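We did not get these values from a lab; they are worked out from the coordinates using the rules stated. Since the model is a prediction, treat every value here as computed from it, not as a measurement. Cβ placement follows ideal geometry from the backbone for every residue including glycine, while neighbour counts extend to all protein chains displayed.
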Amino acid sequence: MKKKVFVLIAFIVTSLTSWAQIQNPVKWAAAYLATSANEGELVLTATIEKNWHTYSQRATEAGPIPTSFKFEPNKAYTLVGRTAETNAHEEFVKAFDAKIFVFTDKAEFRQKIKRNGNTAFLLNCKVEFMSCNDIMCLPPKTESLTIQIK
C-alpha cells in the first residue's frame, strides 16, 4: 500500500512540475559595434513575446522593478556615460495603478565603452528585469550576457 501511495504522489508532483513550465517571455541578445579604433557601443536587445512587456530603466514609486545593467569590471575597457534606451513608451498599467514607461515587442539599450588597448576580450554583463502581461507579473529575473569585443 505504501508503494502505491508513493507512486501516486510522485506522479502528481511530476505532472505538476511539467505542467507549470517556466515562462520566459523576454529573450536577450548582446553585440558590440565599434565606432572608432578604441571606442564602441554595447547593444543589448530584448525581444519580447506578444502580450508581454518589460520596463524602462526609469524607476518609479509605483512598484515594477526597472531594467538595470551591471557590467563586470575589466581593465580592458571603461564605461562612458550611462546606458541609454530607445522605444520606451508611457502607458497606464492597471497592476500598478500608475503611468509607467514600458517596452513591448522589442527593447534596445546601448552602453558606450572606451577600449583600453587593442586586445580582444570578453565583456560580462548582468541584466535584471521584470516582465508582465495583462494578467500577471513574473518575479524579477537576472540574466548573464557575454559580449565578444574584437
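Stretched out fully, how many nm does the piece from Gln23 to Asp134 gain, at 0.36 nm a residue minus the Cα gap?
On the way: separation 111, 0.36 × 111 = 39.96 nm, distance 1.47 nm.
Contour length minus the Cα-Cα distance gives 38.5 nm.
Pulled fully out, how much extra length does the chain show between Arg82 and Asn51, if you take 0.36 nm times their separation in residues and subtract their Cα-Cα distance? Each step should come with its number before you reach the end.
Numbers: separation 31, 0.36 × 31 = 11.16 nm, distance 2.92 nm.
Contour length minus the Cα-Cα distance gives 8.2 nm.
Under 4.7 Å Cβ to Cβ, no partner at all: give me those cysteines from the chain, in residue order.
Cys125
In what sequence do Leu138, Leu33 fall when counting other Cβ within 10 Å, fewest first? Walk me through the numbers on the way to the answer.
On the way: Leu138 17, Leu33 9.
Arranged by neighbour count, lowest to highest, Leu138, Leu33 become Leu33, Leu138.
If each residue of separation counts as 0.36 nm, what is the full-extension length gain between Ile65 and Leu33 once their alpha-carbon separation is subtracted?
Values: separation 32, 0.36 × 32 = 11.52 nm, distance 2.82 nm.
Result: 8.7 nm gained on full extension.
What does the helix-only formula give at 222 nm for the chain: each DSSP H stretch with n ≥ 4 adding -39500 (n - 2.57), the total divided by the residues, and the result rounded to the nearest 500 deg cm²/dmol? Walk me through the intermediate numbers first.
Working: 1 runs with 18 residues, N = 150.
Helix contribution divided over all residues of the chain: -4000 deg cm²/dmol.
Highest first, please rank the peptides 40-46, 139-145, 105-111 by the mean number of other Cβ atoms sitting within 10 Å of their residues. Walk me through the numbers on the way to the answer.
Working: 40-46: 19.0, 139-145: 13.0, 105-111: 17.3.
Listed from highest to lowest mean packing, they are 40-46, 105-111, 139-145.
What shape does the chain have by the C-alpha gyration tensor, where a ≥ b ≥ c are the square roots of the eigenvalues, rounded means a/c under 1.5, and otherwise prolate means a/b greater than b/c and oblate the rest?
Note, shape of the chain comes out oblate.
Using the alpha-carbon atoms, what tilt in degrees (0 to 90, nearest 10) does helix 2-19 show relative to the longest principal axis of the chain?
40
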